[in-house]
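Have a look at the structure below before the remarks.
The values are calculated or read from the model by the stated rules, or taken from the named source; none is laboratory data. This structure is a prediction, so every number in the text was calculated from the model and none was measured. Glycine also receives a Cβ, built like all others from the backbone with ideal geometry; neighbour counts cover every protein chain displayed. Protein only, heavy atoms only, side chains kept; ligands, DNA and RNA dropped before computing areas. Shrake-Rupley method; radii C 1.70, N 1.55, O 1.52, S 1.80 Å.
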Amino acid sequence: MGSKPDFSYIAKLMADTSRAAMLDALLGLDGLPATELARKANITLQTASSHLTKLVEGNLVRVEKHGRHRYFRLASTDVARAIETLIVIAPPARINSLKSSSRAEKIKIARTCFDHLAGKLGVSITEAFLEKEYLIEDQDDFLVTDKGKEFFYCLEIDTDILQKNRRHFARKCLDWSERRYHLAGSLGKAVLVRLFDLGWFEKLPDRAVKITERGKAGLYETLGITVDHL
């Protein structure tokens, strides 16, 4: 490929079904140990360790050490974005059991997309931000209006500080299940963290997110979103 980046190297790393399963699992908020990633990929720990070594060497995954324990995370938001983009164009997963059907429905309603909220709720919240003119669209990003700065400040989110970060501030992220955009970037992360802190959302297994009764009331009062209709 000459002087161009060799994306075939990354494509080969992602193409293995076991590595793909582990990368998908790491789209959640929390880092995971090798034992848990092996379970999710339905492979032995030894095989998982070999795959994880390749993913770390390919800069798709990084390792964090906490005492004797090692946790794996996606290396960057760019990696998460690449995986989500591939999911958008991938064929639908086969549903072969009641359990997998229930899981699929839960993650379509609300899930973590690396460090921000996705699914029907993620899209609905983003569209409410647009309708109330807290955000406006600008090509690949959202822009925060003066009205929006005041709203987010009331949520204890300082947009001025967030904009000083190196990462994208308010990125558009195409939702694979809704085919519409939800809010990503440092602002998307801050919103999700705040919703957890408020007790509006709770984490479920496999990246799914559950909205609490307090959350239903809060979303209706602040954004006019009726969750039961989603």
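Structure notes:
- Per residue, the average separation of C-alpha pairs within less than 8 Å and at least 6 apart gives the chain a relative contact order of 17 percent.
- According to the calculation over all Cα-Cα pairs in the chain, the P(r) per 10 Å bin from zero is 7, 31, 34, 21, 7, 0 %.
- Cross-link partners of K189 among lysines, defined as those whose alpha carbon lies under 21 angstrom from its own and excluding same-chain residues fewer than eight positions apart: K106, K108, K120, K132, K147, K149, K164, K172, K203, K210, K216.
- For region 79-132, the calculated P(r), taken from all Cα-Cα distances in 5 Å bins from zero up to the bin holding the longest distance, is 5, 16, 19, 25, 20, 10, 4, 1, 0 percent.
- Gain on full stretching of the segment that runs from N165 to N42 - 0.36 nm per residue minus C-alpha separation: 40.5 nm
- Accessible-area composition of the chain, carbon plus sulfur, in percent [1.4 Å probe]: 51
- Gained length - A93 relative to D146, 0.36 nm times residue gap less alpha-carbon distance: 14.9 nm
- Sequence-ordered 3J(HN,Hα) estimates for region 163-173 from the Karplus curve with 6.51, -1.76 and 1.60 and θ = phi - 60° stand at 5, 7, 5, 6, 6, 4, 7, 9, 7, 7, 10 Hz, glycine and proline given as x.
- 3J(HN,Hα) from dihedral phi, region 28-45, Karplus parametrisation 6.51/-1.76/1.60, rounded to Hz, x for glycine, proline: x, 6, 9, x, 10, x, 4, 4, 5, 5, 5, 5, 5, 8, 6, 9, 6, 4
- Annotation: amide H of T212 within the under-5 Å range of F201, E202, sequence separation 5 or more or interchain, hydrogens built in the peptide plane.
- Label-point gap, in nm, between Y153 and K54 - each point 7 angstrom along Cα→Cβ: 5.2
- FRET efficiency, R68 to Y220 (Cβ-Cβ, R0 41 Å, nearest 0.05): 0.35
- Amide H to amide H, with H built 1.01 Å from N, L117 comes under 5 Å of L192, counting only residues 5 or more places away or on other chains.
- Residues whose amide H comes within less than 5 Å of that of R171, counting only those at least five positions distant or on another chain, are F142, A184, G185, S186, L187, G188 (H built at 1.01 Å from N in the peptide plane).
- With only Cα atoms counted, region 171-221 has Rg and Dmax values of 11.9, 29 Å.
- Between K4 and R179, the distance separating the two model label sites (each 7 Å from Cα on the Cα→Cβ line) works out to 2.9 nm.
- Region 140-225 shape via C-alpha gyration tensor axes, a/c threshold 1.5: oblate
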